[in-house]
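Enquirer: My structure is below; once you've seen it, I'll send some questions.
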Amino acid sequence: MLAEWEKLAREAAAKNEPYENYLLRLTEAEVTTRSANALSARIRAAGFPVIKDFDTFDFAAIPSLPKQKVLDLTRGQWVEQHSNCCLIGNAGTGKTHVAIALGLAICRLGERVRFVTAASLVTQLEEAQQQHRLDRLLGQLDRLDLLIIDELGYLSFSRSGAELLFQVFADRYERRSVLVTSNLAFSEWGSVFQGDRMTAALLDRLTHRCDIFEMNGESYRFRESMKTKKEKDPKKRK
Ligand code: ADP
Ligand code: MG
């Protein structure tokens, strides 16, 4: 308001506008700025590794992914209903890209989101436990409407790490949403979590109410680099 009042007052005076209009315009400017600031703060707090949105995602490159169903998730009902989402598929198929784009959409709806890799989350949990501040970290995670756990399956965890991660999933069950990306089919999750009982209990909670998307296909990265190579060296083209 401080930044805008003089300019708006001059405009209002020039147009001979009533006080009410001036006050409305000034308040509108304040509200718009505040919500823009709040949105950028939420996006910063989410900790996305890069910003990727659906406008740069080519759904034609991954026909196994149902475009409309994915875009429906940007409207956020699933987060309101505390259900989950899983993106499962081999490397380079756009899982992280879609996870970030969905996270951004949920930030725009005013929800609190955090993006973290599975490995980093487990390290954070283990460190917090050693430093006797696990409750505080779990409390922080609990306040998030959506926790995005990327790259589950690339590294396996220690027994205690797996148990801590299990606790996060169990705490969120039916209360808060989780989005998980993984290169592993569910049948292989036992290798990450060690122990079939814990894996079964975790999958039971995670998939109870969950949109599951299989993203298997050719690696987008690989295809792009092949394209560039061919463009640079057209003689090699068949
Ligand atoms: P994954 O997490 O499945 O290994 P990424 O999401 O990291 O894959 O994708 C690898 C790279 O390719 C990223 O730069 C991503 O933006 C890009 N990419 C993947 N799929 C697509 C797509 N369908 N359209 C546009 N870019 C894509
Ligand atoms: Mg990824």
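The values are calculated or read from the model by the stated rules, or taken from the named source; none is laboratory data. What you are looking at is a predicted structure, and each value in this text was computed from that prediction instead of being measured. Backbone-built Cβ (ideal geometry, glycine too); neighbour counts: all protein chains shown. In case anyone asks, the SASA skips ligands and DNA or RNA and just uses the protein heavy atoms, side chains included. Shrake-Rupley method; radii C 1.70, N 1.55, O 1.52, S 1.80 Å.
Enquirer: May I ask you to list the trypsin sites (Lys or Arg not before Pro) in the stretch 144-202 that are in a DSSP loop and have at most 12 other Cβ atoms within 10 Å of their Cβ? Working shown, then result.
Expert: Numbers: sites: ARG159, ARG172, ARG175, ARG176, ARG197; in loops: ARG175, ARG176.
Passing both the DSSP loop test and the Cβ count: ARG175.
Enquirer: Then there is this: Tell me, what is the FRET efficiency for GLU163 and GLN81 to the nearest 0.05, using R0 = 22 angstrom and their Cβ-Cβ distance as r?
Expert: Details: r = 28 Å, r/R0 = 1.25.
E between GLU163 and GLN81, to the nearest 0.05, is 0.20.
Enquirer: Compute and list, largest first, the equivalent-ellipsoid semi-axes of the chain from the alpha carbon gyration tensor, each √(5λ) rounded to a whole angstrom. Walk me through the numbers on the way to the answer.
Expert: Working: eigenvalues 312, 155, 51 Å².
Listed largest to smallest, the semi-axes of the chain are 40, 28, 16 Å.
Enquirer: Moving to a separate point now. On the protein heavy atoms, probe 1.4 angstrom, tell me the percent of accessible surface of the chain carried by carbon and sulfur.
Expert: On the way: 7200 of 13900 Å².
After summing per-atom areas, the C and S share lands at 52 percent.
Enquirer: What accessible area per residue, rounded to a whole number of Å², is obtained for the chain using a probe radius of 1.4 Å? Walk me through the intermediate numbers first.
Expert: Numbers: 13900 Å² over 238 residues.
On a per-residue basis, 58 Å².
Enquirer: Can you list which of the trypsin sites (Lys or Arg not before Pro) found in the stretch 1-75 are DSSP loop residues with at most 15 other C-beta atoms within 10 Å? Before the final figure, lay out each step's value.
Expert: On the way: sites: LYS7, ARG10, LYS15, ARG25, ARG34, ARG42, ARG44, LYS52, LYS67, LYS69, ARG75; in loops: LYS15, LYS52.
Passing sites in the stretch 1-75 are LYS15.
Enquirer: How much length, in nm to one decimal, is gained on full extension between TYR154 and VAL50, taken as 0.36 nm per residue of separation minus their Cα-Cα distance? Can you show the working numbers first?
Expert: Numbers: separation 104, 0.36 × 104 = 37.44 nm, distance 1.98 nm.
Going from the current span to full extension adds 35.5 nm.
Enquirer: While we're here: In Å³ and rounded to a whole number, note down the convex hull volume per residue for the Cα atoms of the stretch 5-45. Let's see the in-between values first.
Expert: Working: hull volume 2.1 nm³, N = 41.
In the stretch 5-45, the Cα hull volume divided by residue count equals 52 Å³.
Enquirer: Could I have the simple spin-label model distance between TRP5 and GLU214, label points 7 Å from Cα toward Cβ, reported in nm to one decimal?
Expert: 6.3 nm
Enquirer: If you look for lysine pairs in the chain that are eight or more places apart or on different chains, how many of them have Cα atoms under 14 Å apart? Before the final figure, lay out each step's value.
Expert: Working: LYS7/LYS15; LYS52/LYS95; LYS67/LYS95; LYS227/LYS235; LYS227/LYS236; LYS227/LYS238; LYS229/LYS238; LYS230/LYS238.
Step by step, the pairs that qualify in the chain add up to 8.
Enquirer: Do any GluC sites (Glu not before Pro) in the stretch 1-109 lie in a DSSP loop with no more than 16 other beta carbon atoms within 10 Å, and if so, which?
Expert: Working: sites: GLU4, GLU6, GLU11, GLU20, GLU28, GLU30, GLU80; in loops: GLU4.
Qualifying residues, ordered by number: GLU4.
Enquirer: Where in the chain are the helices, taken as whole DSSP H runs, whose Cα atoms extend 15 angstrom or more along the long axis and whose Kyte-Doolittle mean reaches at least 0.0? Let's see the in-between values first.
Expert: On the way: long enough: 19-46 (41 Å, -0.25); 95-108 (20 Å, 1.14); 118-130 (18 Å, -0.14); 159-172 (20 Å, 0.02); 196-208 (17 Å, -0.28); 220-232 (18 Å, -2.28).
Helices meeting the span and hydropathy rule in the chain are 95-108, 159-172.
Enquirer: What is the mean projected area of the alpha carbon convex hull for the stretch 3-128, to one decimal in square nanometres?
Expert: Numbers: hull surface 49.0 nm².
Hull-based average projected area comes out at 12.2 nm².
Enquirer: Once you charge only the Cβ atoms, +1 for Lys and Arg and -1 for Asp and Glu, what is the size of the charge dipole of the stretch 37-188 about its Cα centre, to the nearest 20 debye? Write down the numbers at each step before the final one.
Expert: Values: 17 positive and 17 negative charges, 69 e Å.
That gives the stretch 37-188 a dipole magnitude of about 340 debye.
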